Ligand SMILES: NC(=O)c1ccc[n+]([C@@H]2O[C@H](COP(=O)([O-])OP(=O)(O)OC[C@H]3O[C@@H](n4cnc5c(N)ncnc54)[C@H](OP(=O)(O)O)[C@@H]3O)[C@@H](O)[C@H]2O)c1
């Protein structure tokens, strides 16, 4: 069993990731730290966690913690990942791993130099529906892929007060919060983009982007259309357009949460619109991610997605932001 520590008492740790680890086959959360002792004590009691620490530093210093899950605000990911590496802990870091590609590069190099496992927490990649969609692509089910459209939006405008997503200094904004999924999904299918054209719906009050839209260019004329928004309720989906048909994954990133976990669904359509649907049993992709990461750490194998992938995702996100803010096409 891998012994996990959690930095902070984040909403996502509480609602998804800590319950997923506690229900996993190969790990347990045995430690939590918070800036507020009352919060960590309550959190520990809620999830059967034995050890409570008064600071993130103290948790990292514990010899009884093997791996750390970092669900801190985006702007704190790089710093705390590096501190965890210094303490010799394997790290599962929430997305995005850093605020820029340069910062992500620094983190990835640091972990590589110390030979410490590190993975960015894009859980959707472990859901059987997304594994299946990628297999369909690789098997040539819809021919040569020409375009990917990927979107994630959740209307959180009514919950802006005190939300880290609306705080620019903490790495807020829809692109880093939600657009990172769409970029990741497009890169998973098309590889690495070489240019971006983008626009932001900037919030004058906070300076964050409330929505982001981008075209990413890939070799041989392939493209991705990317969008994210704090105003829409599009949930999350991607569509893969090939020379012989289309693959749709309509609940790609949030296939239901908590007690509302839904089936996975992949729809393949031929050029005449004839559809074939593959339905997947509800699956907890957070648990699948934690188990796959843990298997790698315990066996000494490479983690399923290397830090290099997080660096490349940030390179595309950097270019999208630079294009949106300058109004120009930006090469990556
Ligand atoms: N994979 C997913 O499905 C998913 C979903 C949602 C969010 N996320 C990611 O998870 C991370 C956390 O998101 P969240 O919505 O769960 O955030 P949140 O509820 O606001 O939690 C952030 C935690 O960070 C700690 N923290 C330390 N310094 C802070 C500061 N200056 N301001 C606010 N909090 C601070 C707090 O813990 P203490 O006060 O207890 O120390 C707080 O509970 C983000 O990186 C986000 O992108 C991922």
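The values are calculated or read from the model by the stated rules, or taken from the named source; none is laboratory data. Computed from a predicted structure; not experimentally measured. Neighbour counts are summed over all protein chains in view; Cβ atoms, including those assigned to glycine, are modelled from backbone coordinates with ideal geometry.
Some notes on this structure:
- Residues that are surrounded by 23 or more Cβ atoms within 10 Å (Cβ to Cβ) and part of a helix (DSSP H, G or I) within the range 57-70 comprise just one, 59.
- From the options 214, 196, residue that is more than 16 Å from the ligand (Cβ to nearest atom), closer than 18 Å to residue 99 by Cβ and under 19 Å from the mean Cα position of the chain (by Cα): 214
- Looking across 218, 230, one residue alone is over 15 Å from residue 151 (Cβ atoms) and buried (at least 20 other Cβ atoms within 10 Å of the Cβ). It is 218.
- Filter result for residue 307 (surrounded by 12 or more Cβ atoms within 10 Å (Cβ to Cβ) and within 24 Å of residue 95 (Cα to Cα)): yes
- Filtering 83, 14 for residues that are under 18 Å from residue 290 (Cα atoms) and either in contact with a helix residue (DSSP H, G or I) (Cβ under 9 Å, 6 or more places away or on another chain) or near the ligand (Cβ under 9 Å from one of its atoms) (or both) leaves a single hit, 14.
- Selection count where residues are closer than 26 Å to residue 103 by Cβ and more than 10 Å from the ligand (Cβ to nearest atom), scope the range 161-177: 5
- Verdict on residue 105 being more than 15 Å from the ligand (Cβ to nearest atom), outside any helix (DSSP H, G or I) and either at pLDDT 95 or above or closer than 23 Å to residue 233 by Cβ (or both): no
- Matching residues in the range 293-332 - criterion: being over 30 Å from residue 196 (Cβ atoms) and either assigned to a helix (DSSP H, G or I) or in contact with a strand residue (DSSP E or B) (Cβ under 9 Å, 6 or more places away or on another chain) (or both): 294, 295, 296, 297, 298, 299
- Against the conditions (1) in contact with a strand residue (DSSP E or B) (Cβ under 6 Å, 6 or more places away or on another chain); (2) crowded, with 24+ Cβ neighbours inside 10 Å, residue 172 satisfies every one except (1).
- Within the range 9-22, residues that are in contact (Cβ under 8 Å) with a residue 24 or more places away in the chain have Cβ atoms under 6 Å from residues that are surrounded by 19 or more Cβ atoms within 10 Å (Cβ to Cβ) and in a helix (DSSP H, G or I) in these pairs: 9/43; 16/286; 17/286; 20/286; 20/287; 20/290; 21/290, counting only partners at least 6 apart in sequence or on another chain.
- Just so you know, in the range 125-160 the residues that are away from the ligand (no atom under 15 Å from the Cβ) and part of a strand (DSSP E or B) include one that is surrounded by the fewest Cβ atoms within 10 Å (Cβ to Cβ), and it is 146.
- Residue within the range 27-39 that is in a helix (DSSP H, G or I), surrounded by 23 or more Cβ atoms within 10 Å (Cβ to Cβ) and near the ligand (Cβ under 10 Å from one of its atoms) present: no
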